[in-house]
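The values are calculated or read from the model by the stated rules, or taken from the named source; none is laboratory data. Since the structure is predicted, the reported quantities are computational estimates derived from the model, not experimental observations. Reconstructed Cβ throughout: ideal geometry from the backbone, glycine too, with neighbour counts over all protein chains shown.
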Amino acid sequence: MSGSEPLAARVPALEPVPVEGCAICGAASNGRDRRRHRGDISGVRQYSALVEQHPHRSTAQQDGDQ
């Protein structure tokens with residue numbers, strides 16, 4: 001990378017972290033890893049969006065369900 005590129009082009013964006021114990025996050029994280037291994041950046045972004053955007057219940061709601 002050259003020094004003339006904008007900083008945003010040189011620094012990778014941070015990815016959303018999967019929520020521990022969430023099956024959707026886990027599956028999306030695995031899919032993201034497979035896409036990254038294949039060099040499919042668009043797929044990596046799609047799986048990252050899924051990790052970030054799907055809803056999670058609060059801890060209090062989860063504790064009350066038992």
Fill in the blank from the handout: Residue pairs within 7 Å by beta carbon, gap of at least six or interchain, first lying in the range 9-24 and farther than 11 Å from HIS56 by Cα, second in a loop (DSSP other than H, G, I, E, B) and modelled with pLDDT under 85, listed first then second, are ARG10/MET1
Completion exercise
Selection over the range 1-42 where residues are among the small types (Gly, Ala, Ser), at pLDDT 85 or above and in a helix (DSSP H, G or I) yields a count of 7
